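A quick write-up on the structure given underneath.
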Amino acid sequence: MTTGGGESQPVLALNCGSSSVKFAVLNPETGQSRLVGLVERVGTPDASMTSSRSGKTRTETPADTSYPGVLRAILGHLTDLGDLSLLGVGHRVVHGGERFTESVVIDDEVLSAIRGTSHLAPLHNPANLEGIAAARAMLPDVAQVAVFDTAFHQSMPRHAYHYAVPRTWYIEHGVRRYGFQGTSHRYVAERAAELLGTPLEELRLVTAHLGNGCSAAAIRDGRSVDTSMGLTPLEGLVMGTRSGDLDPGILGYMAERLYTDVHALTETLNSESGLLGLSGLSNDMRTLTNLGQGNGERAETARFAVDVFCYRLAKYVAALVVPLGRLDALVFTGGIGEHSVSVRSSVLDHLGFLGLVEDREANAAHGRASAGRITRPGATQALVVPTNEELVIARDTACLVRAVSTGTSSKTSSRTAD
Ligand code: ADP
């Protein structure tokens, strides 16, 4: 495997989670991927790796299921692609704290700064760091770039990111709202501007990324001015297994009732709440939607969980219009946002007072395969825009690697151009 600075060289985008690794080898200009894959249950004997190349999918068990072992297996697939010269490796990093406002080329100093923010994302940043260490060791001549989930939201004003808690919590412990999923919010905002035919700098948007994790963001003049997630990705919307907002007093109350501690309760709020907690049936929106079409108690419970999800989302969208002053468009993305016609319909129904009127045919017609408008023509629009975080990672990586090779900068954020 070689390295270089040519125009059509692919980028390896790596997303190392606490128990999974997503990877893609893609052209940063066209977004076309040569290889995509997922390794699940990393670090356990049940680890499995699924990869797709030229429409063919293959599943295997990596011989060594540690992060370096998994990375070695992924790089083995790259070798199978022939004489592949990588332009760079782009890593998703969950938390960049206040230091990282843009993507950055990774060097020892950047690594130690990422390590320094790990207390803010103890489940995520250590896994991201393991991926970076393994990739650097295996590809020492290939530039590595970090793309942060938090970076896009660093433009939030002070009044939006401060909690009303003692100031020392912020000064000494970094307690503030950071926001997450910024790569997706940034990408779909740029795509929405293209679809609307209006410069992003003139638009006021609310973007709703609805996957297993869910967040909404207010985007004014292309910058995030507020978002629903906070110090951690637990705040805000109802999610698959995460509670989103709740009265902080519940923690003390339930600790006493259950004779337990804050760690156990936080685990419950992260893993047993949200759609799963509400329904007792599933964390998966597709499953709940299907169940909800039936009759009986289970169907009613499934519908109830989805109702809470849609109501909370609509309430957040309306609140996020405050920093915007007006709403030009609401953008749906993520697995639920792209696929669930009924969730989009219900949210639009709640938000009629903002001038959003569903176009039923258009709503049924658009989704992951086709971005587009789902409201009747009017001052306020709603759009479905499929997200593509890997493409943002690849573009930022290509942009930075080229800037470094021409000596212009070591940190930047690329603009989408398709
Ligand atoms: P992740 O956040 O892990 O990337 P995704 O963005 O893929 O997850 O979103 C997963 C969610 O999308 C799940 O709740 C899943 O049920 C939901 N989803 C996928 N397809 C559909 C569908 N056809 N209808 C409703 N929900 C769907």
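A few points about this structure:
- Which numbered condition V347 fails, given (1) away from the ligand (no atom under 16 Å from the Cβ); (2) among the aliphatic types (A, V, I, L, M); (3) in contact with a Cys (Cβ under 6 Å, 6 or more places away or on another chain): (1)
- Residue in segment 265-278 that is in contact with a Ser or Thr (Cβ under 6 Å, 6 or more places away or on another chain), within 27 Å of G249 (Cα to Cα) and within 11 Å of the ligand (Cβ to nearest atom) present: yes
- Residue match in segment 362-371 (condition: more than 16 Å from the ligand (Cβ to nearest atom) and closer than 29 Å to A24 by Cβ): no
- Subset tally (residues that are of a type in the set (G, A, S) and touching a residue at least 40 places away in the same chain (Cβ under 8 Å)) for segment 335-378: 7
- Subset of segment 284-306 [of a type outside the set (V, I, T), surrounded by fewer than 21 Cβ atoms within 10 Å (Cβ to Cβ), within 14 Å of the ligand (Cβ to nearest atom) and within 22 Å of G236 (Cβ to Cβ)]: D284, R286
- In this entry, S103 passes the filter for residues that are modelled with pLDDT of 95 or more and either touching a strand residue (DSSP E or B) at 6+ places or on another chain (Cβ under 7 Å) or among the hydroxyl-bearing types (S, T, Y) (or both).
- Any hit, segment 376-388, residues being in contact with a Ser or Thr (Cβ under 9 Å, 6 or more places away or on another chain) and either on the phi > 0 side of the Ramachandran plot or modelled with pLDDT under 95 (or both): yes
- Condition met for E201 (surrounded by fewer than 23 Cβ atoms within 10 Å (Cβ to Cβ), at negative phi and free of Cβ contacts under 8 Å to residues at least 60 places away in the same chain): yes
- When residues in segment 223-233 are screened for being under 20 Å from L275 (Cα atoms) and out of contact with any Asp or Glu (no Cβ under 9 Å at 6 or more places or on another chain), 2 of them pass.
- Checked against (1) farther than 24 Å from V225 by Cα; (2) surrounded by fewer than 20 Cβ atoms within 10 Å (Cβ to Cβ), F353 passes all but a single condition, namely (1).
- Some residue of segment 237-245 being over 15 Å from Q181 (Cβ atoms), within 16 Å of the ligand (Cβ to nearest atom), in a loop (DSSP other than H, G, I, E, B) and not β-branched (V, I, T): yes
- Test: residue in segment 215-231 that is within 16 Å of the ligand (Cβ to nearest atom), surrounded by fewer than 22 Cβ atoms within 10 Å (Cβ to Cβ) and under 26 Å from S118 (Cβ atoms): no
- Applying the set (1) without any contact (Cβ under 8 Å) to a residue 24 or more places away in the chain; (2) farther than 21 Å from T183 by Cα; (3) among the aliphatic types (A, V, I, L, M) to L38 leaves exactly one unmet item: (2).
- The single condition among (1) at pLDDT 95 or above; (2) of a type outside the set (K, R); (3) crowded, with 20+ Cβ neighbours inside 10 Å; (4) on the phi < 0 side of the Ramachandran plot that G179 does not satisfy is (4).
- Residue in segment 150-162 that is at pLDDT 95 or above, within 16 Å of the ligand (Cβ to nearest atom) and within 22 Å of D396 (Cβ to Cβ) present: no
- Residue check for L281: assigned to a loop (DSSP other than H, G, I, E, B) and within 14 Å of the ligand (Cβ to nearest atom): yes
- Any hit, segment 83-99, residues being closer than 30 Å to H263 by Cβ and free of Cβ contacts under 8 Å to residues at least 12 places away in the same chain: no
- Residue count for segment 193-211 under the criterion of being within 16 Å of the ligand (Cβ to nearest atom) and either acidic (D, E) or more than 14 Å from L320 (Cβ to Cβ) (or both): the result is 2.
- Annotation: S184 fulfils all but one of (1) assigned to a loop (DSSP other than H, G, I, E, B); (2) over 27 Å from G280 (Cα atoms); the unmet one is (1).
- Residue pairs whose Cβ atoms lie under 9 Å apart, sitting 6 or more positions apart in sequence or on different chains, and linking a residue in segment 382-405 that is under 17 Å from S8 (Cβ atoms) to a partner that is part of a helix (DSSP H, G or I), are L391/Y187.
- Residues in segment 235-259 that are surrounded by 14 or more Cβ atoms within 10 Å (Cβ to Cβ) and without any contact (Cβ under 8 Å) to a residue 12 or more places away in the chain were compared, and the one that is nearest to K315 (Cα to Cα) is M254.
The values are calculated or read from the model by the stated rules, or taken from the named source; none is laboratory data. Note that this is a predicted model, so its numbers are computed, not measured. Here the Cβ is made from the backbone with ideal geometry for all residues, glycine too, and neighbour counts use every protein chain on show.
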